[in-house]
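Throughout, read-outs are computed from the coordinates displayed, never taken from laboratory work. Predicted model, so just to flag it, every value in this text is computed and none were measured. Every residue, glycine as well, gets a Cβ built from its backbone with ideal geometry; the counts of neighbours run over all protein chains shown.
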Amino acid sequence: MKRTCLALILGLVIACGGKKDEGGGGGGGAAEMKWPAQPADGTPVVFELVEVTGTGDKMKAKMRMFNFTQKKITRITSKLDYLDASGKKLKDFPWSMQGPALLGPKEAKEKDMGAFLPAETKKVEAKIEGVEFDDGTKWP
């Protein structure tokens, strides 16, 4: 009886996902995320701050990435602006990411970003400078 109950509980945990999807694939977490408006200027991807985490040199910005296209994104170049609580810019930092399927078509996922955040950082904004797709095309 104990084994049956344990197997049933384990099966429910597995069927329900067990833990929150943090964008590891499949877009499961993307359906739960509220998508921002698509940029009017045609920018194919948007970064949105979730939270600033850590302390000291372990500070990171947890960001959501949203791909508005039907293409896989393989590289993103951007500039991160580190802001204090009042919105004053403390510093900016170039940031790029790449991978064979960094962000799938119409996919959203969360990712830790940034380095050398000043201790006063409370917000991070990203300016997308370039996007490369798996078909060899680029934006802009």
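Would you please name the trypsin sites (Lys or Arg not before Pro) within region 70-140 that are DSSP coil residues with at most 13 other C-beta atoms within 10 Å of their C-beta? Numbers along the way, then the final one.
Numbers: sites: 71, 72, 75, 79, 88, 89, 91, 106, 109, 111, 122, 123, 127, 138; in loops: 71, 72, 88, 106, 122.
Hits after loop and neighbour filter: 88.
When the chymotrypsin sites (Phe, Trp or Tyr not before Pro) in region 55-122 are filtered for DSSP coil states and for at most 12 other beta-carbon atoms within 10 Å of their beta-carbon, the remaining sites are 116. Candidate cross-link partners of residue 138 among the aspartates and glutamates, defined by an alpha-carbon separation under 14 Å and a same-chain spacing of 8 or more, comprise 129.
Here the simple spin-label model places points 7 Å from the Cα toward Cβ, and for residue 137 and residue 35 these points are separated by 1.7 nm. Along the Cα-to-Cβ line of residue 127, 7 Å from the Cα, sits a label point; which residues in region 62-82 have backbone N less than 12 Å from it? Answer for this model: 78-82.
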